[in-house]
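This report refers to the structure that appears directly beneath it.
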Amino acid sequence: MLDINTIEQFDKIATPFYYYDMDLLRKTVDHAAEMAEKYGIKIHYAVKANVERRLLEYISGKGFGADCVSGNEVLHAYDCGFPADKIVYAGVGKSDKEIYNALKTGIEAFNCESLQEIYVINEMAHVHGLKANVSVRINPDIDAHTHKYVTTGLYENKFGISQHEFDKLIDILKKSGHINFIGLHFHIGSQITRVEEVFALECQRVNDIVAYFERNGLKVNNINLGGGLGVDYDDPDENAIPDFETWFRTISENIVRREDQMVHVEPGRSLVAQCATLISRVLFVKSGETKNFLIMDAGMNDLIRPALYGAYHKIENLSASQRTFYPTHQAYDIVGPVCESSDVWGAGRLLPLSVRGDLMAIRSTGAYGQVMASRYNMKDLAPSVFSDDLDSAPAVVDYFEK
Ligand SMILES: Cc1ncc(COP(=O)(O)O)c(C=O)c1O
């Protein structure tokens, strides 16, 4: 929950902006690191969730690796302090340029997602006299029980290599002289809340697959289980730090591992979602035929999750929380300014009576928020504002002043 002093400071800042609570980020990352150490698991932060340099520098400084899904993410992660030998690179469609740059950077591993990709990497490494570390992403056909757009481990999804190609895959890996096979990679989905059930199932399936590869002569030194730990969008104050312990305990109770096998995970959302809040202002209050609309200055261009996945974000009226009058509540459709009917933050949300100029907080926006922002409708991009550096935030301008 934001304190009164911070809300007063927000009044001086031009909206919309992404506010980063750096203290919460540090607590979350530190807690994850402590739990990973306890259960002997290595963390690679999934950079795609948020690429803000200050966040990446803190996370890399903690000794975590990085999980990237594009060539530019690889270069950015490296630039933000992740050593090359701690960067893994997944993604179904790596271009020649991206493969070349990652090869030259000397990354920890390519997480390959098709047989053809392995051929291409082997060939390019051969031409340049290099050897590429390769881990193979497997599609384990497991239902993560999450939104269909963030389910990635079913045969109907485009990710990973599925069972019918295992024998061919093993053959190719053995014959590819410029590839160093280091392990297997999995990632079944995001925002997983049935943690014990889903990750136990994933581990059991992974155990069978690892055993199959080893029986067929390939040593699996690294088992990467991907990310997916969900966060509490309904109550971000009560559960500000996700339950890393349950996730890691479930893994260590269910995975079969030898002493020399390393287990990796790739959390994105769980490390960064709760530390950011999108701060916006009410531009206009409008009464429609059947509804009351609160029209905000932040829209789907700033955060597309509600329009894209129907995602829920808790919304609070910060200004009303400071008032002692206006005790009544009202149902509002909270909407953005973009010319699309899907630009809706929340329908029928009960809020204290709200007025033009009120500051609004859209909570839990640190993951898959700012990274997906666009300049649709030629809107400006919302900047980052950090809790420990509020003074450098862009100042609000009063256009009524002559
Ligand atoms: C390969 C891979 N690893 C890790 C993640 C991070 O997932 P999450 O943010 O749910 O932890 C993703 C996200 O989709 C991913 O594609």
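The values are calculated or read from the model by the stated rules, or taken from the named source; none is laboratory data. Because the structure is a prediction, the values reported are computed rather than measured. Positions of Cβ are backbone-derived with ideal geometry, glycine not excepted, and every protein chain shown enters the neighbour counts. Accessible surface is based on the protein model in full, side chains and every heavy atom, while ligands, DNA and RNA are left aside. Shrake-Rupley method; radii C 1.70, N 1.55, O 1.52, S 1.80 Å.
Structure values in brief
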| read-out | value |
| --- | --- |
| Nitroxide proxy distance, nm - points 7 Å out along Cα→Cβ at GLU214 and CYS339 | 6.1 nm |
| For VAL338, net neighbour charge (Lys/Arg +1, Asp/Glu -1) across residues whose Cβ lies under 10 Å away | -2 |
| FRET efficiency, SER162 to SER287 (Cβ-Cβ, R0 45 Å, nearest 0.05) | 0.25 |
| Highest to lowest packing among 128-141, 185-198, scored as the average C-beta count within 10 Å | 185-198, 128-141 |
| Charged-residue dipole, Cβ positions (Lys, Arg, Asp, Glu), segment 22-267 about Cα centre, Debye nearest 20 | 960 debye |
| Relative contact order (%) - segment 40-152, alpha-carbon pairs under 8 angstrom, separation at least six | 19 percent |
| From phi via Karplus (6.51, -1.76, 1.60), per-residue ³J(HN,Hα) for segment 219-225 in Hz, x at Gly/Pro | 7, 9, 7, 10, 10, 10, 8 |
| Farthest toward positive dipole pole in segment 22-267 [+1 Lys/Arg, -1 Asp/Glu at C-beta], among ILE179, MET35, GLY230 | ILE179 |
| For the chain: accessible area per residue (Å², 1.4 Å) | 45 Å² |
| Nonlocal Lys pairs with alpha-carbon distance under 20 Å, segment 52-210 (8 or more apart, or different chains) | 13 |
| Accessible surface of the chain [probe 1.4 Å, protein heavy atoms]: carbon and sulfur percent | 50 percent |
| Ranked by how many other beta carbons lie within 10 Å on average, peptides 54-63, 166-175 from highest | 54-63, 166-175 |
| Calculated FRET value between HIS145 and ASN239, using beta carbons and R₀ = 22 Å, to 0.05 | 0.70 |
| Sequence ranges 234-247, 294-307, ranked by mean other-Cβ count within 10 angstrom, highest first | 294-307, 234-247 |
| Among GLN9, HIS44, TYR155 - extreme Cα towards positive end, dipole of the chain, charges at beta-carbon | TYR155 |
| Length-normalised contact order of segment 213-281 in % [C-alpha pairs under 8 Å, at least 6 apart] | 48 percent |
| Karplus-derived HN-Hα couplings along segment 178-189 (A = 6.51, B = -1.76, C = 1.60, θ = phi - 60°), whole Hz, x at Gly and Pro | 9, 10, 10, 6, 10, x, 10, 10, 9, 7, 9, x |
| Three-way shape call for segment 1-51 based on the alpha-carbon gyration tensor, with the a/c threshold at 1.5 | oblate |
| Farthest toward positive dipole pole in segment 267-339 [+1 Lys/Arg, -1 Asp/Glu at C-beta], among GLY288, THR324, ILE304 | THR324 |
| DSSP bridge pairs, segment 22-267: antiparallel proportion in percent, nearest 5 | 5 percent |
| Two-site label geometry, ASP388 and LYS27: point separation in nm, points 7 Å out along Cα→Cβ | 1.5 nm |
| Alpha-carbon centroid distance for the pair segment 313-358 / segment 234-298, whole angstrom | 21 Å |
| At R0 = 22 Å, FRET efficiency that the Cβ-Cβ distance of VAL127 and ASP85 yields, to 0.05 | 0.50 |
| Length-normalised contact order of segment 22-267 in % [C-alpha pairs under 8 Å, at least 6 apart] | 19 percent |
| Size descriptor, Kirkwood hydrodynamic radius, that averages inverse alpha-carbon separations across the chain, Å | 22.6 Å |
